[in-house]
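Q: Below you will find the structure I want to go over with you.
The values are calculated or read from the model by the stated rules, or taken from the named source; none is laboratory data. Here the structure is a predicted model, which is why all the values come from computation and not from measurement. Please note: Cβ atoms are built from the backbone with ideal geometry, for glycine as well, and neighbour counts cover all protein chains shown. We work out accessible area using only protein heavy atoms, side chains counted, and drop any ligands, DNA or RNA first. Shrake-Rupley method; radii C 1.70, N 1.55, O 1.52, S 1.80 Å.
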Amino acid sequence: MTLELERLGSVDEARADWEQLATASGCPFATVEWTETWLEHAAGPYVPQLFLARDPDGRAVAIVPLVIARGRYVRKARFLGFRAANQVGPICAPGDSELGVEALRQVLAATRRDWDVFVAENLPGTGWDERLGAKAIGGKGAPVVRGPWETWDDYLATRTHNLRSELRRKERRLQEQGLMHTTARSPEELEPALDALFDLHRGRWGSEASPFFSGLETFHRAFAAAAFERGWVRLHVFELEGRPVAANYSLRFGDAEWSYQLGRDLRLEHASVGLIGCAIAVREAFAEGAKEFRLGPGEQPYKRRLATDNTTLETVGIAHGLRGRASLMAARRREGTA
């Protein structure tokens, strides 16, 4: 099906359609709030290429939000929010996913002269290389806890005996030691909770090495404030003896909660404080009525232990011209897919 593409000069030109499609997509990284905050605080020199696709009846079916990074030698097209988003892709309702793919194909054709290589990371599902005529670069799991669960014990009954025992024993022991659990409930509580999260994350990675920060702390704070106003933020902080020892930051969007970042005190690794904090976040999400808890990209052991299911995120690329092909080949070699 041939779709009608509208090139957008700004989000405002299609704000109502964008909000509707983002809500239908179920992904917080597709929202107007995410997009505008990223463009203001994280886009840097990237040039946005925003498109709205309509079907022959005039119905808005997809948004394709790209940016062009003009490097010294290679021009790269990426999805807006790349690296910071847990998931990217055409913004559309699940039932219109094939129309979203078609919209992306048409956008890539329409902008072909603007880029040498297109790289899309963390696309949901499989088969993107075949659907786009692209080369596979890499893939990763994204574990999920499916629900709903009437009680926490019902969920625990699906886990291994070792995990059930460990969660109960270690949470009880931490509580006996005075573990305090708070959740940011007001804008005044959000900033210190973010401070605790960032400090714990720096303790784990260092400010320069952290894949979460990468110069994006201003963006993360601004988006958290915008998301908090919409009621999406779930930020849990755990303290012992008056100091934060773990923090779990997730986004509640529709029926799903998306784990976005966590931090833990490495001095309490023996107490599994990070695992306990994540488990409590999962427990509270289902108590609030969530139907799934998305644990985020990567199959770290704690995620595999908590998850009841696994999903896939793919990274693919398309290149033309000598420089584009060389850039794509280098990316595939780094991932071991060349």
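Q: Dividing the Cα convex hull volume of the chain by residue count, how many Å³ per residue is that?
A: Looking at the chain, the number lands at 142 Å³ per residue.
Q: A further question follows. Would you mind classifying segment 61-107 by shape? Square roots of the alpha carbon gyration tensor eigenvalues, ordered a ≥ b ≥ c; an a/c under 1.5 is rounded, otherwise it is prolate if a/b is larger than b/c and oblate if not.
A: Values: a/c = 3.70, a/b = 1.82, b/c = 2.04.
The shape class here is oblate.
Q: To continue, here is another question. Going by alpha carbons, how many degrees (0 to 90, nearest 10) lie between the helix axis of 97-110 and the longest principal axis of the chain?
A: Between helix and principal axis, roughly 50 degrees.
Q: Add -39500 (n - 2.57) for each DSSP H run of 4 or more in the chain, then divide by its residues: what number comes out at 222 nm, to the nearest 500 deg cm²/dmol? Each step should come with its number before you reach the end.
A: Numbers: 11 runs with 129 residues, N = 338.
The per-residue figure over the chain is -12000 deg cm²/dmol.
Q: Between R172 and R70, how many nm apart are label points set 7 Å from Cα along the C-beta direction?
A: With each label placed 7 Å out from Cα toward Cβ, I get 6.5 nm.
Q: How much length, in nm to one decimal, is gained on full extension between D57 and D12, taken as 0.36 nm per residue of separation minus their Cα-Cα distance? Before the final figure, lay out the partial values.
A: Details: separation 45, 0.36 × 45 = 16.20 nm, distance 2.24 nm.
Result: 14.0 nm gained on full extension.
Q: Same structure, new question: Give me the distance in nm between label points sitting 7 Å out from Cα along the Cα-to-Cβ direction at D309 and R83, one decimal.
A: Simple spin-label model gives 3.2 nm for this pair.
Q: Could you work out which residue, out of T35, T111, T311, moves most in a Gaussian network model of the chain, that is, has the largest mean-square fluctuation with Cα springs under 10 Å?
A: Greatest mean-square fluctuation among the candidates belongs to T111.
Q: So how far apart, in nm, are the two label points at D255 and W205 if each is 7 Å from Cα heading toward Cβ?
A: Here the modelled spin labels are 3.2 nm apart.
Q: Please state the relative contact order of segment 99-242 as a whole percent: Cα pairs under 8 Å, 6+ residues apart?
A: Values: 55 pairs, mean separation 36.5, N = 144.
It rounds to 25 percent for segment 99-242.
Q: Continuing with the same structure: Could you bin all the Cα-Cα distances of segment 19-140 into 5 Å bins starting at 0 and give me the percent of pairs in each, rounded to whole numbers?
A: Pairs per bin, as whole percents: 2, 11, 22, 25, 22, 13, 4, 1, 0.
Q: On C-alpha positions alone, give me the angle between the axis of helix 187-205 and the longest principal axis of the chain, in degrees, nearest 10.
A: The angle comes out near 90 degrees.
Q: Now for a separate question. Per residue, how many Å² of accessible area does the chain show with a 1.4 Å probe? Present the calculation step by step, with values, prior to reporting the outcome.
A: Values: 15730 Å² over 338 residues.
About 47 Å² of surface per residue is accessible.
Q: Given a 1.4 Å probe and every protein chain left where it sits, what share in percent of the accessible area of segment 51-189 is carbon and sulfur? All intermediate terms of the calculation are to be shown ahead of the outcome.
A: Working: 3140 of 6820 Å².
C and S atoms contribute 46 percent here.
Q: Mind checking the angle between helix 15-25 and the chain's longest principal axis? C-alpha axes, 0 to 90 degrees, to the nearest 10.
A: 60
Q: Right, here's the next one. Probe radius 1.4 Å, ligands and nucleic acids ignored: give me the carbon and sulfur share of the accessible area of segment 232-338 as a rounded percent.
A: Details: 2150 of 4520 Å².
Of all accessible area on segment 232-338, carbon and sulfur atoms account for 47 percent.
Q: Averaging sequence separations of C-alpha pairs under 8 Å and six or more residues apart, then dividing by the length of segment 161-269, give the relative contact order as a whole percent. If you can, show how the numbers build up before the last one.
A: Working: 131 pairs, mean separation 31.5, N = 109.
Once divided by the residue count of segment 161-269, the mean separation gives 29 percent.
Q: List the relative contact order of the chain as a percent without decimals, with contacts defined as Cα pairs under 8 Å and 6+ residues apart. If you can, show how the numbers build up before the last one.
A: Working: 616 pairs, mean separation 77.8, N = 338.
With pairs under 8 Å counted, the relative contact order is 23 percent.
Q: Given a Förster distance of 41 angstrom, what is the FRET efficiency for E191 paired with K291, based on the Cβ-Cβ distance and rounded to 0.05? Intermediate values should be presented prior to the final figure.
A: Details: r = 30 Å, r/R0 = 0.74.
So, using R0 = 41 Å, E works out to roughly 0.85.
Q: Rank-order 279-288, 147-156 by packing density, defined as the average count of other C-beta atoms within 10 Å over each peptide's residues, highest first. Each step should come with its number before you reach the end.
A: On the way: 279-288: 19.7, 147-156: 15.2.
The densest-packed peptide leads the list: 279-288, 147-156.
Q: Taking the Cα centre as origin and putting +1 on Lys and Arg beta-carbons and -1 on Asp and Glu beta-carbons, what dipole magnitude results for segment 69-187, to the nearest 20 debye? Walk me through the intermediate numbers first.
A: Numbers: 21 positive and 14 negative charges, 135 e Å.
Dipole magnitude for segment 69-187 comes out near 640 debye.
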